[in-house]
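The values are calculated or read from the model by the stated rules, or taken from the named source; none is laboratory data. From a predicted model like this one, the values you see are computed outputs, not experimental measurements. Neighbour counts run over all protein chains shown; Cβ positions are idealised from the backbone, glycine included. What goes into the accessible areas is simple: the full protein's heavy atoms, side chains included, and nothing from ligands, DNA or RNA. Shrake-Rupley method; radii C 1.70, N 1.55, O 1.52, S 1.80 Å.
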Amino acid sequence: GQNIDQPTEMTATEGAIVQINCTYQTSGFNGLFWYQQHAGEAPTFLSYNVLDGLEEKGRFSSFLSRSKGYSYLLLKELQMKDSASYLCAVRDSDYKLSFGAGTTVTVRA
Amino acid sequence: IAGITQAPTSQILAAGRRMTLRCTQDMRHNAMYWYRQDLGLGLRLIHYSNTAGTTGKGEVPDGYSVSRANTDDFPLTLASAVPSQTSVYFCASSDGSGANVLTFGAGSRLTVL
């Protein structure tokens, strides 16, 4: 099974940078995902890492270290619309996805 | 509109009643999933189906059943609802290629009294 930990809440100022950490313990690792979920809406895919290193996609970047069981999602140039929950998810060797409880990011003006 | 349709959007149900949440996708994805989302616990997998005709149990399957008669439909049934099944239910699908990204439906909010 999976044990996925991420902070419950983070607050940052518009234009700033926020880093959301995720640590995991897994019996079989086959990729790590980040999803964004606005209040009352469905989760939407942000990023995917399966190899160690940094994946950059516009203002969002995701990093993975498999040996440390660690990932982070970096949000740059924060905008008000980035206020949402960010879900870290780990896929196991059976291709099933397990989610962390999510980190609620609040962007203040 | 391509995607996943869930119904109902919201439902209040008396304990002991039977309830089926419907999920239909038009993307011809092979794999489909049902998750429940509860405050502080995140999304938890209830049941999944890797292809039509097959189903499997997830992390929290008790009290729920699913069927996958065809590629498009994946209904979730609560045979006798209990208050602990009050939750938001999300159906998702994936095409199984590359990163195998999940696409989620808009969710069904169920309240069991």
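Counting residues in region A:65-78 that are in contact with a Leu (Cβ under 8 Å, 6 or more places away or on another chain), within 30 Å of B:Ser49 (Cα to Cα), buried (at least 18 other Cβ atoms within 10 Å of the Cβ) and away from chain B (no Cβ under 12 Å) gives one or more.
Of the residues making up region B:59-71, not a single one is facing another protein chain (nearest Cβ under 9 Å), within 24 Å of A:Ser47 (Cβ to Cβ) and modelled with pLDDT of 95 or more.
Kindly provide the set of residues from region B:38-53 that are within 16 Å of A:Lys96 (Cβ to Cβ), touching a residue at least 12 places away in the same chain (Cβ under 8 Å) and out of contact with any Lys or Arg (no Cβ under 7 Å at 6 or more places or on another chain), ordered by number.
Answer for region B:38-53, where residues must be within 16 Å of A:Lys96 (Cβ to Cβ), touching a residue at least 12 places away in the same chain (Cβ under 8 Å) and out of contact with any Lys or Arg (no Cβ under 7 Å at 6 or more places or on another chain): B:Leu43, B:Asn50, B:Thr51.
Taken over region B:12-42, the criterion of being among the hydrophobic types (A, V, I, L, M, F, W, C) and under 14 Å from B:Thr103 (Cα atoms) is satisfied by B:Cys23, B:Met27, B:Ala31, B:Met32, B:Trp34.
Evaluating B:Thr77 against the criteria (1) within 13 Å of the chain's Cα centre (by Cα); (2) within 12 Å of chain A (Cβ to nearest Cβ) leaves one unmet condition, (2). Of all the numbered requirements in (1) without any contact (Cβ under 8 Å) to a residue 60 or more places away in the chain; (2) away from every other protein chain (no Cβ under 14 Å); (3) not charged (D, E, K, R), B:Gly56 misses one, and that requirement is (2). A single entry from A:Tyr95, A:Tyr35 fulfils the requirement of being part of a loop (DSSP other than H, G, I, E, B) and either in contact (Cβ under 8 Å) with a residue 12 or more places away in the chain or among the basic types (Lys, Arg) (or both): A:Tyr95.
Scanning region A:1-43 for residues that are in contact with a Leu (Cβ under 8 Å, 6 or more places away or on another chain) and open to solvent by 80 Å² or more (accessible area, probe 1.4 Å) returns A:Glu14, A:Ile17.
Those residues that are part of a strand (DSSP E or B) and loosely packed, with under 15 Cβ neighbours inside 10 Å, I need them from region A:45-54; list them, please. Listed by number, the residues that qualify are A:Gly53, A:Leu54.
A:Gly31 meets all of the listed conditions (1) more than 18 Å from B:Phe90 (Cβ to Cβ); (2) away from chain B (no Cβ under 11 Å) but one, namely (2).
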